[in-house]
1. Would you check if TYR199 is more than 20 Å from GLN116 (Cα to Cα) and surrounded by fewer than 19 Cβ atoms within 10 Å (Cβ to Cβ)?
2. Within region 118-131, does at least one residue satisfy the condition of being surrounded by 12 or more Cβ atoms within 10 Å (Cβ to Cβ), over 18 Å from GLN181 (Cα atoms), in the same structural domain as PHE226 (by TED's automatic domain parsing) and out of contact with any strand residue (DSSP E or B) (no Cβ under 7 Å at 6 or more places or on another chain)?
3. When you go through GLY150, GLY183 one by one, which is the residue that is in contact with a strand residue (DSSP E or B) (Cβ under 9 Å, 6 or more places away or on another chain) and surrounded by 12 or more Cβ atoms within 10 Å (Cβ to Cβ)?
4. Pairs please, first residue from region 178-199 and modelled with pLDDT under 90, second anywhere and of a type in the set (Ser, Thr, Tyr) and assigned to a loop (DSSP other than H, G, I, E, B), Cβ atoms under 7 Å, 6+ apart in sequence or on different chains.
5. Mind listing whichever residues of region 19-34 are exposed (fewer than 14 other Cβ atoms within 10 Å of the Cβ) and at pLDDT below 70?
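The values are calculated or read from the model by the stated rules, or taken from the named source; none is laboratory data. Note that this is a predicted model, so its numbers are computed, not measured. Glycine also receives a Cβ, built like all others from the backbone with ideal geometry; neighbour counts cover every protein chain displayed.
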Amino acid sequence: MDLNESVQKEIICYLKTTGKWQIEEDVIQCCQNGGIYINKNDIESVLKNCVESRYIETDGKNNYRIGIVLGSRPPQFRPGEMFRLSKLYSGKTVETVEIPEEYENPDVPHLARKFQGKRGTCTAFSGSFVTELLRYHILKRYPTDDQISGVKRDVMTKEGAICDDYSSMKEFVVSMECIYQLGRARANPEIPDDEEGGYIQACAEALKSGGGFNGTLWETANTAGFIYKQPLAEQAG
């Protein structure tokens, strides 16, 4: 080990041990106490090299402390040794893709219109739409225009509930009430009975485990006057 390396090692160990700013005279004194005798010009040269290597830091006023990087100095790359990106992309054509300002899922026109009314069932309605879109995308089975237009609004059931009649689309409509009730049953924290609403995650988990329920077998009320908290036994059977 040459003199400069010995001095550098001594300086780094000293500054690392103290962990504070040290004046240049104290650094020189540290080297001399370690049995290394070096003049001021040489110590300044070693200090400069240590700063450039980021082993130590300086405040520009001949004060020094341990640097951020304590490992070995990273290798220096020369232009002739560096990998050129032009080699990677040579001969390849990059296609420009334009993102449209607007986009509509092509299966949206196959959805039946649904009316939430004044109930806090938005998560259930959203879950129903998403499930139906996924089924259209996977199964490639769609309702006819007559089936879509055959949906009837605000029909009173024999139990006194005001619901939309989806009989014309019974093969396609997923029950919103099913998602709403099963989602609320999974809600954490629990939702009080006197409050409406649900959690997106709970509704998604209900759909994942149950897959949804036919909209004509578990009807969705448009008002809170009468609500089907479960499918009617005679319908479900």
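1. It is false that TYR199 is more than 20 Å from GLN116 (Cα to Cα) and surrounded by fewer than 19 Cβ atoms within 10 Å (Cβ to Cβ).
2. So the first thing to find is which residues in region 118-131 are surrounded by 12 or more Cβ atoms within 10 Å (Cβ to Cβ), and the list is 119-131.
Of the ones still in play, those that are also over 18 Å from GLN181 (Cα atoms) are none.
Within region 118-131, not a single residue is surrounded by 12 or more Cβ atoms within 10 Å (Cβ to Cβ), over 18 Å from GLN181 (Cα atoms), in the same structural domain as PHE226 (by TED's automatic domain parsing) and out of contact with any strand residue (DSSP E or B) (no Cβ under 7 Å at 6 or more places or on another chain).
3. Values: GLY183 fails: in contact with a strand residue (DSSP E or B) (Cβ under 9 Å, 6 or more places away or on another chain).
None of the other options fit; the residue is GLY150.
4. Pairs that qualify, where the first residue is modelled with pLDDT under 90 and the partner is of a type in the set (Ser, Thr, Tyr) and assigned to a loop (DSSP other than H, G, I, E, B), are ALA187/TYR199.
5. GLY19, GLN32, ASN33
This table checks each residue for (1) more than 24 Å from GLU196 (Cβ to Cβ); (2) not hydroxyl-bearing (Ser, Thr, Tyr).
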residue	(1), (2)
GLU102	yes, yes
PRO106	yes, yes
HIS110	yes, yes
PHE115	no, yes
THR144	yes, no
GLU171	yes, yes
GLU177	no, yes
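Per-residue answers, yes or no, for (1) modelled with pLDDT under 90; (2) among the charged types (D, E, K, R):
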| site | (1), (2) |
| --- | --- |
| LYS61 | yes, yes |
| PRO75 | yes, no |
| PRO79 | yes, no |
| MET82 | yes, no |
| LEU85 | yes, no |
| GLY91 | yes, no |
| ASN105 | no, no |
| LEU133 | no, no |
| LEU139 | no, no |
